[in-house]
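Engineer: Following this message is one structure expressed as structure tokens.
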Amino acid sequence: MDSISHLMTDDHRRCDHLFAEAEQQVANKNWELAGKNAHAFNAAILHHFQHEESTLFPAFEKATGMQGGPTHMMRHEHEQMRQLLAELMDAIDAQNQDRYLGLSETLLIFMQQHNMKEEQILYPMIDQECAEDSEQLMAGLHSTPENSNAA
Amino acid sequence: MNYNQLSLEQAPDISTPLRFFLSAPLFAFLAFCLLMYQGPEILSNRWSPQTLAFTHLVTLGFITMSMVGALFQLLPVLAGASIPRSSQLSLVTHLLFSCGVLLLAAGFAFEQATLLKLSIIVLIPGLLIFLLATSYALINAQSSHASINSMRIAIFSLWITATLGLLLASGHALDAIPLLRQFTPLHIGWGTLGWISVMIISVAYQVVPMFQITFSYPKLMTRLLSPSILIALILWSAYRYTSTQVSIPGEAIDLGFFFLFFCIMLSFALFTLKLEAQRKKRLADTTLYFWMTGLSCLGFSLVVLLYAEFFDQELSILVGILFFFGFAISIINGMLYKIIPFLVWLHLHRKLAFSSPRGRSGIPTMNEVINNRQSMRQYWLHLLALVLSIATITISTKFFYMAILVWLANYALLFIHIFRAILTYRHCLGTK
Ligand SMILES: [Fe+2]
Ligand SMILES: [Fe+2]
């Protein structure tokens with residue numbers, strides 16, 4: 001059976017792979033492909049945040065009546081990651097390898113500990129609390145691909 | 001489920017884990033100073049009090065010290081399991097634990113029963129505070145990830161290891177209490193397998209797939225591995241205990257458990273190496289080298305252990321070197337190079353990102369906190385020291401002092417790296 005947990009976890013993995021491809025190309029100084037990959041990664045993860053913030057988190061907040069709890073913290077971490085991503089995109093556009101790899105290492109760890117908290121704690125809660133609307137909530141992730149071209 | 005307990009963000013003060021991480025290389029340094037003082041004769045007597053002083057400086061002072069620091073950091077973040085008053089508790093535990101380990105080592109090294117008695121008095125509250133706090137947090141943990149269950153098993157094993165250790169130490173220190181040598185194998189078994197290995201396994205479940213971007217460990221494996229170590233340890237302890245009361249023809253049963261542990265640990269080592277070989281993140285860093293070295297040494301230590309069991313008991317020192325320094329310490333050392341720069345970045349980011357006029361671009365990235373080239377230098381020293389230690393045992397004790405000098409340089413350098421990271425942190429806060 002498909003769950004929100006599964007779907008969102010798969011999307012994390014998809015972003016991870018895009019991240020790894022971009023990093024590899026930066027390491028090779030293959031700037032053209034690196035730029036393309038890095039921007040694809042940036043778009044994918046921003047779209048993922050967007051889906052969480054506009055669909056999943058509000059549904060959870062409504063179901064539990066909690067505003068200041070875990071979802072608040074996750075939004076805050078998204079904000080921190082958006083800053084890192086913006087700097088990362090500056091580094092790729094400037095073709096600054098050291099800066100990019102320094103930032104990407106930091107982002108990777110930040111992103112992974114964030115994902116870990118979502119996958120192990122928050123998503124299972126959302127599955128439990130929002131079981132009735134799950135079809136609708138899941139449809140949202142891929143139904144707005146135009147957002148992913150924002151970058 | 002009580003959602004209010006969960007804020008997902010209860011990361012402790014930066015000093016909470018760092019005080020443990022900064023102390024660890026000092027204890028290792030001290031351990032090798034002791035070895036230097038004792039000279040190569042120490043190798044000929046595995047159970048001398050001086051050997052016990054050395055092993056406890058390493059296993060408690062470096063290994064347990066860093067794992068305790070890591071738990072203070074990881075439990076709230078990964079498990080949503082907050083440790084109440086963690087910064088005060090870490091301060092007290094760290095102080096008691098450090099003093100306790102020093103007293104214990106001094107008590108063994110100089111064969112002073114008074115120092116041993118003092119160490120017991122100090123270690124009991126030190127360990128008890130830590131064990132009670134983590135046990136409380138783990139009981140209330142929100143996450144049901146296999147990694148958390150493994151941590152529960154690790155902490156349970158530390159309870160047992162510590163209890164047996166205190167019994168043994170009391171046997172050394174107090175005339176009224178007999179030295180129950182039959183507990184020694186149990187103390188070692190629970191310590192090395194239940195505490196050190198299961199703790200590393202539980203961290204691997206989280207860290208390997210996420211930081212190297214690999215496939216996950218198979219569910220079946222993560223569900224079975226640590227619990228089977230636990231069950232086997234319990235059965236083995238029960239068997240060992242009863243066999244001292246009634247005589248059971250034992251060799252075969254002991255050997256059975258031996259093979260069970262052998263297979264469990266080898267499958268963990270090989271599977272993790274396979275995951276790392278297939279990792280998506282191709283770019284290698286110091287941490288990855290340490291992990292690969294650690295897992296290979298675990299494999300070697302098991303093979304040598306098997307050989308030693310049947311052919312050459314003398315090789316058990318080699319097993320110890322490969323297991324503690326090759327496996328456990330390599331992996332911990334590698335993890336320190338990820339955790340410390342990340343904590344520095346994270347705390348600076350939290351404090352400065354929105355307040356500093358220079359803004360976020362003034363915050364050093366992880367690689368600027370501890371440079372990969374620097375940490376690789378320490379990796380090569382670690383590897384050289386390992387090779388020299390193995391040569392000391394297998395080729396000639398001529399390598400003894402050379403090995404110790406390289407170990408001393410190695411831990412001095414690790415200490416400097418951690419210390420500099422802390423200075424960077426202070427400096428950035430000071431110039432905001
Ligand atoms: Fe998120
Ligand atoms: Fe997410």
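The values are calculated or read from the model by the stated rules, or taken from the named source; none is laboratory data. No experiment lies behind these values; they were computed from the predicted model shown. FYI the Cβ positions are ideal-geometry reconstructions off the backbone, even for glycines, and counts take in every protein chain you see. The accessibility values were calculated without ligands, DNA or RNA, using every heavy atom of the protein model including side chains. Shrake-Rupley method; radii C 1.70, N 1.55, O 1.52, S 1.80 Å.
Engineer: Filtering segment A:92-105 down to residues that are touching a residue at least 40 places away in the same chain (Cβ under 8 Å), part of a helix (DSSP H, G or I) and farther than 19 Å from A:Ala44 by Cβ, which residue is nearest to the other protein chains (Cβ to nearest Cβ)? Steps first, answer last, please.
Structural biologist: Of segment A:92-105, the ones touching a residue at least 40 places away in the same chain (Cβ under 8 Å) are A:92-93, A:95, A:97, A:100-101, A:104.
Cutting the leftovers down to part of a helix (DSSP H, G or I) gives us A:92-93, A:97, A:100-101, A:104.
Subset that is farther than 19 Å from A:Ala44 by Cβ: A:97, A:101.
Working: A:Gln97: 11, A:Leu101: 7 Å.
Taking the candidates together, the pick is A:Leu101.
Engineer: Of all residues in segment A:2-33, which are surrounded by fewer than 19 Cβ atoms within 10 Å (Cβ to Cβ) and acidic (Asp, Glu)?
Structural biologist: A:Asp2, A:Asp10, A:Glu32
Engineer: Taking the condition of being away from ligand 1 (no atom under 12 Å from the Cβ) and either part of a helix (DSSP H, G or I) or in contact with a strand residue (DSSP E or B) (Cβ under 6 Å, 6 or more places away or on another chain) (or both), how many residues in segment A:30-53 meet it? So that I can check it myself, show each step before the final result.
Structural biologist: Within segment A:30-53, the subset away from ligand 1 (no atom under 12 Å from the Cβ) is A:30-44.
Now restrict to residues that are either part of a helix (DSSP H, G or I) or in contact with a strand residue (DSSP E or B) (Cβ under 6 Å, 6 or more places away or on another chain) (or both): A:31-44.
Result for segment A:30-53: 14.
Engineer: Turning to a different aspect of this structure: Exactly one of (1) crowded, with 17+ Cβ neighbours inside 10 Å; (2) within 23 Å of B:Met366 (Cα to Cα); (3) charged (D, E, K, R) is unmet by A:Asp93. Its number?
Structural biologist: (1)
Engineer: Something else: Condition (residue is part of a helix (DSSP H, G or I) and within 14 Å of chain A (Cβ to nearest Cβ)) applied to segment B:151-167: is it met by at least one residue? Working first, answer last.
Structural biologist: Going residue by residue through segment B:151-167, those that are part of a helix (DSSP H, G or I) are B:151-167.
After this cut, where a residue has to be within 14 Å of chain A (Cβ to nearest Cβ) as well, the list is B:151.
Within segment B:151-167 (the criterion being part of a helix (DSSP H, G or I) and within 14 Å of chain A (Cβ to nearest Cβ)), the answer is yes, since at least one residue qualifies.
Engineer: Within segment A:1-52, which residues are more than 22 Å from A:Phe110 (Cβ to Cβ), within 14 Å of ligand 2 (Cβ to nearest atom) and within 14 Å of chain B (Cβ to nearest Cβ)?
Structural biologist: Across segment A:1-52, the qualifying residue is only A:His6.
Engineer: Read through the list (1) more than 21 Å from B:Pro76 (Cα to Cα); (2) crowded, with 20+ Cβ neighbours inside 10 Å, then give the number of the only condition that B:Leu118 fails.
Structural biologist: Against the list (1) more than 21 Å from B:Pro76 (Cα to Cα); (2) crowded, with 20+ Cβ neighbours inside 10 Å, B:Leu118 comes up short only on (2).
Engineer: Identify, by number, the condition in (1) in contact (Cβ under 8 Å) with a residue 60 or more places away in the chain; (2) over 23 Å from B:Ile340 (Cβ atoms); (3) away from chain A (no Cβ under 14 Å) that B:Trp291 doesn't meet.
Structural biologist: With respect to (1) in contact (Cβ under 8 Å) with a residue 60 or more places away in the chain; (2) over 23 Å from B:Ile340 (Cβ atoms); (3) away from chain A (no Cβ under 14 Å), B:Trp291 is out only on (2).
Engineer: Quick check, is A:Arg82 free of Cβ contacts under 8 Å to residues at least 40 places away in the same chain, farther than 27 Å from B:Asn372 by Cβ and within 14 Å of ligand 2 (Cβ to nearest atom)? Before you say what the answer is, go through the steps one by one.
Structural biologist: Numbers: free of Cβ contacts under 8 Å to residues at least 40 places away in the same chain: yes; farther than 27 Å from B:Asn372 by Cβ: no; within 14 Å of ligand 2 (Cβ to nearest atom): yes.
So A:Arg82 does not fit the description; no.
Engineer: Which pairs do you get when a residue that is farther than 17 Å from A:Met125 by Cα, found in segment A:48-61, comes within reach of a residue that is open to solvent by 40 Å² or more (accessible area, probe 1.4 Å) and polar (S, T, N, Q), reach meaning Cβ atoms under 7 angstrom, with the pair 6+ apart or on two chains?
Structural biologist: As it stands, the answer is A:Gln50/A:Asn147, since those pairs meet every condition given.
Engineer: Same structure again: Pick out the one residue from A:Ile126, A:Ile109 that is away from ligand 1 (no atom under 13 Å from the Cβ), at pLDDT 85 or above and not acidic (Asp, Glu). Outline the logic, then answer.
Structural biologist: On the way: A:Ile126 fails: away from ligand 1 (no atom under 13 Å from the Cβ).
Checking each option against the conditions leaves just A:Ile109.
Engineer: Counting just the residues of segment A:62-79 that are free of Cβ contacts under 8 Å to residues at least 40 places away in the same chain and away from ligand 1 (no atom under 14 Å from the Cβ), which one comes out farthest from the other protein chains (Cβ to nearest Cβ)?
Structural biologist: Selected residue: A:Lys62.
Engineer: Please go through segment A:116-136 and pick out each residue that is open to solvent by 10 Å² or more (accessible area, probe 1.4 Å) and more than 7 Å from chain B (Cβ to nearest Cβ).
Structural biologist: A:Glu119, A:Pro124, A:Asp127, A:Gln128, A:Glu129, A:Ala131, A:Glu132, A:Asp133, A:Ser134, A:Glu135, A:Gln136
Engineer: Only one of these is in a loop (DSSP other than H, G, I, E, B) and not hydroxyl-bearing (Ser, Thr, Tyr): A:Met66, A:Met81, A:Met89, A:Met74. Name it.
Structural biologist: On the way: A:Met81 fails: in a loop (DSSP other than H, G, I, E, B); A:Met89 fails: in a loop (DSSP other than H, G, I, E, B); A:Met74 fails: in a loop (DSSP other than H, G, I, E, B).
After applying the criteria, what remains is A:Met66.
Engineer: Do any residues in segment B:355-371 that are modelled with pLDDT of 85 or more have Cβ atoms under 7 Å from those of residues that are of a type in the set (S, T, N, Q), where the two are at least six apart or on different chains, and which pairs are they?
Structural biologist: B:Pro364/B:Thr424; B:Thr365/A:Thr106; B:Met366/A:Thr106; B:Val369/B:Thr424
Engineer: Ok, one more. Taking A:Thr71 and the conditions (1) open to solvent by 10 Å² or more (accessible area, probe 1.4 Å); (2) polar (S, T, N, Q); (3) within 13 Å of ligand 2 (Cβ to nearest atom), which numbered condition does it fall short on, given that it satisfies the others?
Structural biologist: That leaves (1) as the condition not met.
Engineer: If you check B:Phe262, B:Phe211, B:Phe215, which single one turns out to be surrounded by fewer than 17 Cβ atoms within 10 Å (Cβ to Cβ) and within 14 Å of another protein chain (Cβ to nearest Cβ)? Let's see the steps before the verdict.
Structural biologist: Details: B:Phe262 fails: within 14 Å of another protein chain (Cβ to nearest Cβ); B:Phe211 fails: surrounded by fewer than 17 Cβ atoms within 10 Å (Cβ to Cβ).
Answer to the selection: B:Phe215.
Engineer: Could we say that A:Lys117 is basic (Lys, Arg), assigned to a helix (DSSP H, G or I), within 14 Å of ligand 1 (Cβ to nearest atom) and under 30 Å from B:Asn372 (Cβ atoms) here? It would help to see each step written out before you state the result.
Structural biologist: Numbers: basic (Lys, Arg): yes; assigned to a helix (DSSP H, G or I): yes; within 14 Å of ligand 1 (Cβ to nearest atom): yes; under 30 Å from B:Asn372 (Cβ atoms): yes.
Yes: the conditions hold for A:Lys117.
Engineer: Residues in segment B:396-404: is at least one free of Cβ contacts under 8 Å to residues at least 12 places away in the same chain and under 30 Å from B:Ile339 (Cβ atoms)?
Structural biologist: no
Engineer: Output the qualifying pairs, or none if there are none: Cβ atoms under 7 angstrom, residues six or more apart or on different chains, first residue in segment B:200-212 and without any contact (Cβ under 8 Å) to a residue 12 or more places away in the chain, second residue in a helix (DSSP H, G or I).
Structural biologist: The qualifying pairs are B:Met210/A:Gln112; B:Met210/A:Met116.
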